[in-house]
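Report on the structure given below.
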Amino acid sequence: MQTILHHNGSGNLAYTGRLKNREVHRAITLHPVKDHRQMYRIHSYFKNLRIQELRERSLDLHREIALAMKELQVPEDEIEDYKLPGDEPLFPAKIGDPEYLGDNKILGAPLDMNRYKPDTVEDIVPFDFISKSLYSASHANPKRRIEGPLREALDDVIREVMEIINAPSRQRGRVIDFNELLYGYTRLQPLHGADHVLDLLLKYRRYRGRKMTAAVRRHAYLQQSFTSMEIREIPMGDPPPPEDPEVLDGAEANNPVDYDDFDESRQQREGFLDKLNVREALESGLMKLQNLPKVLNWGDDGSEEYPVYDRRIHFIMPLSGRQETFGRFMKNYEDIVLKTNEAVSLIVVLYLDTSNPLDYKSTEDLVNFYVSTYGKDIRTVLMGTETFSRGAALTEGLKLCSPDDLVFFIDVDMMFNFDTLRRIRIHTIKYHQVYFPVVFSEYNTEVVNGDDYNKLLGEKIEEEPTIDEAEVEEEPVEEVEKTEKELINLKYSKDITNDNGYFRQYGFGILAIYKCDFERVGGFDLKIKGWGMEDVQMFETLIKSNLTVFRAADASLVHIFHSVACDKTLERPQFLMCLGTKASTYGSEKQMINYMINHPEVMWPPEQDVEEIEKKVEEEKKAEEERKAEEQKKIEAEKKAEAEKKAKAEAEKKAEAEKKAEADKKAEADKKAEADKKADADKKAEADKKAEADKKAEADKKAEADKKAEADKKASEEKKGAR
C-alpha cells in the first residue's frame, strides 16, 4: 500500500540521508523538501528507478522474443534479421541507429542458474553462504561479517522482490511484508552476473474479506544479469566561462572544439588498431553513439589533438626527517622526470625532525644538488620547528602554484613510473573530476621472505625444473627489444601479488586535483595535527561536492614498506587509524595463518608460559596503574599549582583594586577640599562685593542727602533775598 503523504520530521535534514528505504519508495509525495539541491537529488533518484523499471521491462520483452523464436526454431544468429509476416523486420533499427533496441542474443538470454558451464573443477564458481555471517570457501577468512556492498546489494534485491510481490496487492486484497532473511546463497560470475538463493521470512496480511495475519517462508531464486557494454563520452576540456557566454558562443561557432583522450598521432592509432583487427568491430559497436571522442572516430578532419600529455604536474611532498628515504625517492624522480624532460615539478615542504636534526640540512643540500645538476624546477618550503601537519604542509606547497595548475599530493614512501604520470593527466579533469588512486602497499619484507610465514614446518616446496633440467624442447621465441622508457618502467615496477602486498582501499592521502578545484571545496582542515585524518575528511568533502571522484587501483603507484610508529599523543581516532594501518601492512592473512600454525604457542602457550604471561600482564597492569597514578598526581599538582597561581593573581588583583580605591578616595577628598576652599573664597568675595555695594549705596545716599540739603539751603537763601 502506498502513502499519500510521507512526512519526515527531521526539518532541514529531511531526505538528506539514505533514500533506499521502504517508506520513501511507498510514498506518493514527500514532505518537507526545503533545499533545491535535495529536490534535484530526489528527482534524479526516482528517475533512475524509472529507468531501472524500463530496463527490466525491456529485458522481459527480449526474453519473450527469444523464447518465441526458440519455439519457431529460428537460429540465434538469424533473430537480428528475422522478418515477420508482411516482410516487416522484427528489429527495424540496426546497430548505429538511435532506435536500436540492443542485442537480443545477450539481452534475451533466459534465466538459468547453470548457464555458465565450467570446463574444469578450478573454474567452478562456488556459492557463499549467508547467515548472521558470511561463509566462503574461496576466501582466506572463511567466516567473516557481511561486507557493506553485499549487504546493500541484498537490501536492494529484497526490496525489488517485495515490490514485485506486492504489485497486485490492491486487486488481491492482501499485503506481504518482509520480516527477515533467514539464510541465503550468493555468487558472482564475472561474465554473466550475480546469482542469489534467499530464504525469506515474510508476514502475510489480508485486509479484504476475512482478515488474517500469518508468517510465511518463501525461497527466492534471483539472477542479476550483466548486459552489453555501453560507452559514454566525458569531455576533458574546461567549461565555458559563465561571465562571457556570448563571446564563447561566437568562438565555438567559428572554432568548434574536438576533445581527444590520447596524444598519439592518427597514424599510430591506425597501426595499433590494424594489428589487433578491432577497428571494424569497434566502429560497428560505437556507431550508435553520438558525439564520440575523436579517439573513437577514424575520420580525417585535420583537427589538432587535445594536449592531455603536455600538462605539467606539480608534485607536493610533505617531509619531516627521513633523509635516506627521500634520497631513494629522488633517485626515482631523477630517472622518471629529470633525465626524460617530463613536464613535472616538485615542491618539498620540509619540517625539522628534532630526533634527526641533521636530516633537515642534508635534504636541503640534496635538493640543491639536483637543481644545480639538471636546472629543473625543484622548490623547498622551509617550515622549521613548526608542529608537523600534513594538511598544513600541502596547503603551504599549494601557495607556490597558480589556480590552473594540476597538483599531485605524494608521500616520500611512494614509487612511481611513466604510467603514473599518464593516469594522473587523463583522470584529472579541471572543474569536473579528481583522481584518488588506490596504491599498492608492500607487506613487511621479513614476512614476505620468511619461511615461518610462507610454508608450514616440514613442508617441502617443489621447485620448478630449470631450463637445463627441462627435457621439453620449446620453440625459440624472438625477444622484442624494449625501449629505454619501457626498461625504466620495469625498474620502478613491483610484482603485484597477494603475498607481496595489498591495494590500500582505505588510503586517501594520494590525490591529483587542480588547485582551483581544491580551493573551491575549502581545502584541508588545518586544525588537524600529526598523522592522518586530514585525507579522509578531504575525501568526504569531495564526495559531497559536485566534482566526480575517480578512484581506481593503480599498480604503478607502490608504497614501499616501512615500520609504522604510532604516537600515543595523537587524538584517539588518529591513533586507532594508525594502529589499523600498522596491522594491515604487516602481512597477508595466509602468512599470518602459517605463522600461527608454525608457532602454536602464540595461540596456546604452555602453562609455565601462561603463568609468566599472566605475571608479566600483572606487572604491566601494575606499572600502568602506577603510571596512571603518577600522571594523576602530576595532574593534581599542576591543578594545585594552577589554583595557587590563580589565587595569587586574584590577591594581587584585589590589592590593586584596594590601592586604586584608596587613591580614588584620596583624590575625591582632595577634590572636595578644593571645592570647599573655592566655595569659601567665592562666599568671601560675594560678602566683600556686598559690603562694597552697601558702602557705595550709603555714600550715594549721603551724597544725595547733602545735595538735597544744599538745594534746600540755596532755596532758602534765594527766598530770603527775595524778601
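Just so you know, all these numbers are worked out from the coordinates, no wet-lab data involved. Predicted model, so just to flag it, every value in this text is computed and none were measured. No Cβ is skipped: glycine too gets one built from the backbone with ideal geometry, and neighbour counts run over all protein chains shown.
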> Which members of the range 308-340 meet the condition of being closer than 24 Å to Glu396 by Cβ, part of a loop (DSSP other than H, G, I, E, B) and within 27 Å of the chain's Cα centre (by Cα)?
Replying inline: Arg311, Arg312
>> Looking at His62, His6, can you tell me which residue is on the phi < 0 side of the Ramachandran plot, in contact (Cβ under 8 Å) with a residue 12 or more places away in the chain and part of a helix (DSSP H, G or I)?
In response: His62
> Here are some residues: Asn114, Asn104. Which one is out of contact with any Leu (no Cβ under 6 Å at 6 or more places or on another chain) and within 17 Å of Gln223 (Cβ to Cβ)?
Replying inline: Asn114
> Out of curiosity, is Asn368 closer than 28 Å to Lys339 by Cα, surrounded by fewer than 18 Cβ atoms within 10 Å (Cβ to Cβ), out of contact with any Phe, Trp or Tyr (no Cβ under 7 Å at 6 or more places or on another chain) and not small (Gly, Ala, Ser)?
Replying inline: yes
> Within the range 70-120, can you find the residues that are aliphatic (A, V, I, L, M) and without any contact (Cβ under 8 Å) to a residue 24 or more places away in the chain?
Replying inline: Leu72, Val74, Leu84, Ala93
> Tyr351: of a type in the set (Phe, Trp, Tyr), buried (at least 19 other Cβ atoms within 10 Å of the Cβ), in contact with a strand residue (DSSP E or B) (Cβ under 6 Å, 6 or more places away or on another chain) and under 25 Å from Asp405 (Cα atoms), yes or no?
Replying inline: yes
>> Suppose we keep only residues that are among the β-branched types (Val, Ile, Thr) and assigned to a helix (DSSP H, G or I) within the range 491-542. Which one would you say is surrounded by the fewest Cβ atoms within 10 Å (Cβ to Cβ)?
In response: Thr541
> So which residues in the range 336-348 are surrounded by fewer than 18 Cβ atoms within 10 Å (Cβ to Cβ) and of a type in the set (A, V, I, L, M, F, W, C), if there are any at all?
Replying inline: Ala343
> Among the helices (runs of 4 or more DSSP H) confined wholly to the range 406-454, which include 2 or more residues that are among the acidic types (Asp, Glu) and at negative phi?
Replying inline: 451-454
> Would you call Asn546 in contact with a helix residue (DSSP H, G or I) (Cβ under 8 Å, 6 or more places away or on another chain) and either of a type in the set (S, T, N, Q) or surrounded by fewer than 20 Cβ atoms within 10 Å (Cβ to Cβ) (or both)?
Replying inline: no
